[in-house]
2 protein chains.
Amino acid sequence: MKFSYLHVNEGRLQNTLEQMAKIGATSGGGVQRLTLSNEDKLARDLFVKWLYDLNLEVTIDEMGNIFGKQQGKNPILHPVISGSHLDSQPKGGRFDGTLGVMGTLEVLKTIQDLDLETERSIIIVNWTNEEGSRFAPAMVGSGVWSGALKRDWVYNRKDIDGKRFEDELSRIGYKGSIPCQKRPVYCYYEYHIEQGPLLERAKKTIGVPKGIVCLHWYDVYLEGEANQVGPTPMEGRHDALCAAAEMILKVNTLPNRMGGNMVATVGEIQNHPNSRNIIPDKVHFTVDIRSWDDDHALSAWKLVRQNFEDIAARRGCTIRIEETWRVDRSPFDKKMIHEIKTITDELGYPHLDMISGAGHDASYMNQVCPTAMIFAPSMSGRSHVEIENTSWKDCEAGANVLLHAILHSANEKRVKSKLRTH
Amino acid sequence: MKFSYLHVNEGRLQNTLEQMAKIGATSGGGVQRLTLSNEDKLARDLFVKWLYDLNLEVTIDEMGNIFGKQQGKNPILHPVISGSHLDSQPKGGRFDGTLGVMGTLEVLKTIQDLDLETERSIIIVNWTNEEGSRFAPAMVGSGVWSGALKRDWVYNRKDIDGKRFEDELSRIGYKGSIPCQKRPVYCYYEYHIEQGPLLERAKKTIGVPKGIVCLHWYDVYLEGEANQVGPTPMEGRHDALCAAAEMILKVNTLPNRMGGNMVATVGEIQNHPNSRNIIPDKVHFTVDIRSWDDDHALSAWKLVRQNFEDIAARRGCTIRIEETWRVDRSPFDKKMIHEIKTITDELGYPHLDMISGAGHDASYMNQVCPTAMIFAPSMSGRSHVEIENTSWKDCEAGANVLLHAILHSANEKRVKSKLRTH
């Protein structure tokens, strides 16, 4: 039997995606399943039910990562892992993360339908808190699992209401007892939407990223002086919001000033006391810098940090900067990339070589084992928004590539562990 | 008996100010009594109790304005009104508004202690929602009373949680049955803290404003396009927060660009979805412009509005602007100003001629009857903050001036109504 004839069940994949999209559905057609929220719990409950329906061996670790294992023929061989995440941004889309989990689920169903036994076990995973929008930073489930982040540091992270990560994990009933730590893995696949406009522009069906850009997150805290706006002359004001406004524009022009090859964004701002007739005295805002070149991103930060300090000094505001999170760029496994492209060609899908500008759990898994990703096109390049969309046809195409890639890896017999040590 | 020998009871004034400061007290030494909140209700309850303790005739109108009337000898003569407001900014100060109400209360106690009968009735008032920080705009109690604002428009204003003004007024039990509309008044006094640094800098005890600057409030709503920050190139972004940042700086430089004689401030901003890895798509911010010259403020708005539209167009954002509120400048009654200065001299307090940069209910009362204000110094010019402060000595000095000013006006016998019609 030639694998290229195999394909997943498109209607069934659509159905599971649509069922999952009902959980936390928003009026604008998206989903809101912030990590460790009630909606996240409901999504997990449904996912776990589906894992049991497939008779998988379900385990939940102390970070709330959920694994479902389909046993391979040869217990000596290390497993293939594939998955993504079910949590979402506030008013996010139905495909971000979910496609990779539901895609893997559909692959497992297809394999079971056809009674295809594989040499290696296949493990489907839903990682906890990939988004990082409720609890910063992002990708903490895979981060702790890979050893890059400390469990207890993550446990103590707080959301904007002061709620602790660990407490919320316990509250929704997903603080498992199994230690969250890396184990030998043969390789890791993550199927995901592109979240950008390149595939659509190039009219390609499958994106094959050579890796993920580096990701740097910073938190800036400014303090000026509050006063009634009317009787306080313009001269001598210490307006923290004006200082922040200058800094936001410095971030916005940073990629140009650095000669390109990066993006830089301020996505979040809190202003205090946020009353229209009081000069703002406290402002917090975030900075997100990404590049394929780690050193370039660090040089950019050095430049903009100096800009921040100059602006704060000139406006008489104090400034405190937290270097919240850094993940180096992740170049994926060349052999796996080659295999994905071969499969894509055999299935007749046009593909595009690219770099992922979005961070993924694959960044951390790439530190543990050979890793690669498969991208499906995002309509109009829109993502992290309610109207995020990918055609059912494209969802199926990527799942077909994933099916063949997983079957290929799960039947490779090299016994030698490919677990990397760092 | 010569009035200049009379003075209020400093210790008693301090005591009432301290008692009132306990309601909504904040850890930083200020108060938080947002209008129509539970704390506002408690402050009103205590105030009304104190009015009954003085055997005043208490009335509450349909806007929640609270009046306490001490009957004069001659019922034909129009009354003298004096007061201010008990609501506060979020984490505001103990003196803003409260000093004018407690100062008038102390004046009435002093008059009663000495069995001084006056020709005219004296009415103490607490106006509803002077601050405007929970429900915009500000000064709506006096605004409706004076006829400048429509009652039902104010009733339908909503706070940030979507609660209606009228519902909250009913909830705290202060929606009275008496129509809120202007009645004949001989004159209006408002005693207040300066809220700026000028008195302290000039080492003067009493500020005598010739009037209040005009006050223009605007609300700006921007809409761009949200996307995942990583895979979205810098070119072609429609970042609403960057557009807002440029606009905030245009507001900040506006007074300089207009050649001075004004202040302009952005105090409030909301950013959506406010997630660090999503490009902001919706931003709302406020603009506050004040000047002694109405036309100058309007020209400034015309200029900055054009700046806004240019910036929005260049960044591919849509812009919607609400011209929320305009109060023209209020030149106070020259005769009353002269009388206040005479009293101040007689009492031996050094005074400063000035303009009020802060808005006050006196702006609207000035449209109805002869009006004037008395200012006490603000330590370090700080106001709308928890550390707002005025020495007890200075509190007493202003109350002494108010005592003599009220006695003077309440004994003037001109029968002719000074009610202005507009």
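The values are calculated or read from the model by the stated rules, or taken from the named source; none is laboratory data. Given the structure is predicted, the values throughout are model-derived calculations rather than measurements. Here Cβ is always computed from backbone atoms with ideal geometry, including for glycine, and neighbour counts include all displayed protein chains.
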### Task
Taking A:Glu322 as meeting all but one of (1) assigned by TED's automatic domain parsing to the domain that holds A:His238; (2) within 16 Å of the chain's Cα centre (by Cα), write down the number of the exception.
(2)
#### Entry: Matching residues, region A:110-145, being under 10 Å from the mean Cα position of the chain (by Cα) and aliphatic (A, V, I, L, M)
A:Ala138, A:Met139, A:Val140
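Of all residues in region A:111-120, how many are in a loop (DSSP other than H, G, I, E, B) and under 21 Å from A:Pro75 (Cβ atoms)?
Restricting attention to region A:111-120, the residues satisfying the condition of being in a loop (DSSP other than H, G, I, E, B) are A:114-120.
If we keep only those that are under 21 Å from A:Pro75 (Cβ atoms) as well, we get A:115-120.
Here the count works out to 6.
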### Query
For A:Ile178, which of the numbered conditions (1) within 14 Å of chain B (Cβ to nearest Cβ); (2) in contact with an Asp or Glu (Cβ under 6 Å, 6 or more places away or on another chain) fails to hold?
(1)
### Message
I'm checking my understanding of the structure. Among residues of region B:1-44 that are out of contact with any Ser or Thr (no Cβ under 9 Å at 6 or more places or on another chain), of a type in the set (A, V, I, L, M, F, W, C) and touching a residue at least 12 places away in the same chain (Cβ under 8 Å), which one is farthest from B:Arg134 (Cα to Cα)?
### Response
B:Phe3
### Task
Would you be able to say whether some residue in region B:76-93 is out of contact with any Gly (no Cβ under 9 Å at 6 or more places or on another chain), within 14 Å of chain A (Cβ to nearest Cβ) and either buried (at least 18 other Cβ atoms within 10 Å of the Cβ) or outside any loop (DSSP other than H, G, I, E, B) (or both)?
yes
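Identify the residue in region B:356-385 that is more than 9 Å from chain A (Cβ to nearest Cβ) and of a type in the set (A, V, I, L, M) and, among all such residues, is farthest from B:Asn65 (Cα to Cα). Before you say what the answer is, go through the steps one by one.
Our first condition is that a residue be more than 9 Å from chain A (Cβ to nearest Cβ); within region B:356-385, this holds for B:360-377, B:379-380.
Filter once more, so that each one left must be of a type in the set (A, V, I, L, M): B:362, B:365, B:368, B:372-374, B:376, B:379.
Details: B:Ala362: 14, B:Met365: 13, B:Val368: 16, B:Ala372: 20, B:Met373: 19, B:Ile374: 21, B:Ala376: 24, B:Met379: 30 Å.
By that ranking, first place goes to B:Met379.
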## Note on the structure
Considering region A:327-340, residues that are surrounded by fewer than 16 Cβ atoms within 10 Å (Cβ to Cβ) and assigned to a helix (DSSP H, G or I), and then whichever is farthest from the other protein chains (Cβ to nearest Cβ), we arrive at A:Lys335
## Note on the structure
Of the residues in region A:237-264, those that are assigned to a loop (DSSP other than H, G, I, E, B) and either closer than 18 Å to A:Val213 by Cα or not assigned by TED's automatic domain parsing to the domain that holds A:Asp294 (or both) come to A:Met258, A:Gly259, A:Gly260, A:Asn261, A:Met262
### Task
Tell me the helices (runs of 4 or more DSSP H) entirely within region A:134-235 that contain at least 1 residues that are over 30 Å from B:Arg237 (Cα atoms) and modelled with pLDDT of 95 or more.
A:140-146, A:151-155, A:165-171
### Query
Quick one: how many residues across region A:225-242 are more than 8 Å from every other protein chain (Cβ to nearest Cβ) and crowded, with 24+ Cβ neighbours inside 10 Å?
1
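Could you check region B:273-324 and list, in sequence order, the residues that are among the basic types (Lys, Arg), within 14 Å of another protein chain (Cβ to nearest Cβ) and either in contact (Cβ under 8 Å) with a residue 60 or more places away in the chain or within 17 Å of A:Val229 (Cα to Cα) (or both)? Even if it seems obvious, please write down each step before you answer.
Going residue by residue through region B:273-324, those that are among the basic types (Lys, Arg) are B:276, B:282, B:290, B:302, B:305, B:314-315, B:320.
Narrowing further to those that are within 14 Å of another protein chain (Cβ to nearest Cβ): B:276, B:282, B:290, B:314-315.
Correct list: B:Lys282, B:Arg290, B:Arg315.
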### Task
Among what's in region B:243-271 and is more than 20 Å from A:Ala226 (Cα to Cα) and within 9 Å of chain A (Cβ to nearest Cβ), pick the residue that is surrounded by the most Cβ atoms within 10 Å (Cβ to Cβ).
B:Ala244
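Condition check: away from every other protein chain (no Cβ under 14 Å) and outside any loop (DSSP other than H, G, I, E, B). Does A:Leu108 satisfy that?
On the way: away from every other protein chain (no Cβ under 14 Å): yes; outside any loop (DSSP other than H, G, I, E, B): yes.
Criteria met by A:Leu108.
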### Summary
Condition set of a type in the set (Lys, Arg) and out of contact with any Gly (no Cβ under 7 Å at 6 or more places or on another chain), scope region B:1-40, selection farthest from B:Trp127 (Cα to Cα): answer is B:Lys2
### Query
Can you name every residue in region B:147-165 that is touching a residue at least 60 places away in the same chain (Cβ under 8 Å) and in contact with an Asp or Glu (Cβ under 9 Å, 6 or more places away or on another chain)?
B:Arg151, B:Val154, B:Phe165
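If I ask for residues that are closer than 30 Å to B:Thr118 by Cα and touching a helix residue (DSSP H, G or I) at 6+ places or on another chain (Cβ under 7 Å), which ones from region B:186-208 would you list?
Applying the first criterion (closer than 30 Å to B:Thr118 by Cα) to region B:186-208 yields B:186-194, B:205-208.
Those that are closer than 30 Å to B:Thr118 by Cα and touching a helix residue (DSSP H, G or I) at 6+ places or on another chain (Cβ under 7 Å): B:Tyr186, B:Cys187, B:Tyr188, B:Tyr189, B:Glu190, B:Tyr191, B:His192, B:Ile193, B:Thr205, B:Ile206, B:Gly207, B:Val208.
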### Query
If you take the residues in region A:124-165 that are surrounded by 24 or more Cβ atoms within 10 Å (Cβ to Cβ) and of a type in the set (Val, Ile, Thr), which one is nearest to the other protein chains (Cβ to nearest Cβ)?
A:Val140
### Task
Determine which single condition A:Gly30 fails, assuming it passes every other condition in (1) closer than 24 Å to A:Ser363 by Cα; (2) surrounded by 22 or more Cβ atoms within 10 Å (Cβ to Cβ).
(1)
### Task
Hey, could you check region A:195-219 for residues that are surrounded by fewer than 24 Cβ atoms within 10 Å (Cβ to Cβ) and under 30 Å from A:Gln306 (Cβ atoms) and say which is nearest to the other protein chains (Cβ to nearest Cβ)?
A:Trp217
#### Entry: Counted residues, region A:257-282 - those being out of contact with any Lys or Arg (no Cβ under 7 Å at 6 or more places or on another chain), among the β-branched types (Val, Ile, Thr) and over 19 Å from A:Met234 (Cβ atoms)
3
